[in-house]
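Novice: Provided herewith is a single structure, encoded as structure tokens, for subsequent inquiry.
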Amino acid sequence: LKSQNKVNNDSIEKQPDDDNTADSPVNEKSKSTMSPEKTKKKKSIPASEKVVEYKPLSEELWTKISDEYGIKDVDHGGNFPSRNQLFYRPSTLKGYIMVPEDESKGPRMITLVSKSLANTFMRKDVQERLHVITAGLPIFKRNHRQEGDCNYRLNSSGIEYAKTAIFDRVISLTLADISNFLSYSLFQPTDQAQKQGKVFSPGIPLDKLCEKSREAARAGKHGSNILKLVPEDSKKFYDHFNTELALIAWNARRSISPLMHESELTMLKEQLIMVGLITETVKENELESHFQQMNERRIIHEKERAEAKKNQEGLSKEDVKAILENEDDETEKEA
């Protein structure tokens with residue numbers, strides 16, 4: 001083969017260089033592209049800045065969370081994953097750099113990993129030699145306001161684990177209520193409504209639910225809850241989708257607001273309409289009016305809060321607390 005290649009190479013006449021071709025823009029571009037001088041070098045990051053190890057969740061914090069939500073893990077005869085599979089990282093990713101966080105307030109995000117991952121890569125001695133960039137499924141998130149003895153709310157990505165293990169924080173709604181909940185949660189106000197104040201998603205007012213659902217919401221705990229369907233409607237949903245409907249939402253004094261991504265709610269609404277389980281029942285002008293009223297109330301309450309902060313020295317602690325808590329329930333939830 002070598003001799004054959006040599007014969008073939010010798011038989012090919014070397015073509016003279018074409019001056020026009022050599023000076024063509026294409027060649028110049030290819031040369032500049034291949035030039036090592038033009039190649040951008042990646043900035044190296046010191047290991048001390050990027051290595052922030054995952055830490056196992058403490059038993060004390062897990063006890064608070066499990067007691068608040070009525071969770072029993074497999075170590076205590078339940079079906080929720082073991083505490084040994086829960087980890088957190090005391091840092092925030094900013095660009096390529098992991099910035100350490102103050103742990104006095106508790107972990108910002110709690111993630112769930114598999115047993116095999118917990119027993120290998122998440123071990124401290126392994127992480128000292130191997131940089132774990134990200135791992136696990138976010139299942140609990142620290143809330144900016146504390147409800148009860150626990151300031152952690154459910155994360156929508158962990159709904160499949162939560163819906164089979166949490167029974168203390170469940171609100172049952174009808175399909176008609178779910179339809180209205182999705183309409184209020186997904187409505188986009190007009191430019192006129194946005195100019196009147198800060199626009200946010202207030203969810204559905206409790207007075208827009210049926211009487212049975214409204215009573216269930218008021219009897220339930222404030223904070224993050226799981227929305228499910230009443231038994232008769234749950235069977236209809238299961239017949240179409242072969243699974244149980246479960247949504248993460250924030251139950252406040254006057255409303256229920258979604259704690260899920262807009263795309264998830266949009267997809268659910270389209271699927272329910274497609275199979276004929278729900279129809280669009282809320283009129284657009286009713287939604288527009290509701291948003292305007294909520295924004296007007298929000299502006300008034302923000303002024304009251306600002307005034308209360310200025311006059312804290314002249315008011316008693318009880319008066320200040322009453323004014324600061326007199327706000328729309330939607331401000332209690334995380335965005």
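The values are calculated or read from the model by the stated rules, or taken from the named source; none is laboratory data. All values reported here derive from a predicted model rather than from experimental measurement. Positions of Cβ are generated from backbone atoms using ideal geometry, with glycine treated the same way; all protein chains shown enter the neighbour counts. The area values use the complete protein model at the heavy-atom level, side chains included, leaving out ligands, DNA and RNA. Shrake-Rupley method; radii C 1.70, N 1.55, O 1.52, S 1.80 Å.
Novice: Using a probe radius of 1.4 Å on heavy atoms only, what accessible surface per residue do you get for the stretch 214-286? Whole Å² is fine. All intermediate terms of the calculation are to be shown ahead of the outcome.
Specialist: Values: 4020 Å² over 73 residues.
Value returned for the stretch 214-286: 55 Å² of accessible area per residue.
Novice: Around K208, with a cut-off of 13 angstrom between Cβ atoms, what is the net charge of the other residues, counting Lys and Arg +1 and Asp and Glu -1?
Specialist: Counting the neighbours of K208, the net charge comes to -1.
Novice: What does a probe at L186 reach in the stretch 243-266, counting residues whose amide N is under 11 Å from the point 7 Å along Cα→Cβ?
Specialist: 262-266
Novice: Name the residues whose placed amide hydrogens come within less than 5 Å of the amide hydrogen of L173, ignoring near sequence neighbours (fewer than 5 apart) on the same chain.
Specialist: Amide H to amide H, under 5 Å and 5 or more residues apart or across chains, L173 pairs with K228, L229, V230.
Novice: Further, regarding this structure: What FRET efficiency would be calculated for the residue pair D67, V99, taking the C-beta separation as r and a Förster radius of 22 Å, to the nearest 0.05?
Specialist: Once rounded, the FRET efficiency stands at 0.10.
Novice: Okay, moving on. Stretched out fully, how many nm does the piece from C210 to L117 gain, at 0.36 nm a residue minus the Cα gap?
Specialist: Contour length minus Cα-Cα distance gives 28.9 nm.
Novice: At 7 Å along Cα-to-Cβ for each site, give me the label-to-label distance between I300 and T174 in nm.
Specialist: With each label point 7 Å from Cα toward Cβ, the separation is 3.1 nm.
Novice: Next question. Taking the simple approach of a point 7 Å from Cα along Cα-to-Cβ for both V230 and T279, what is their distance in nm?
Specialist: Taking the simple label geometry, V230 and T279 are separated by 1.9 nm.
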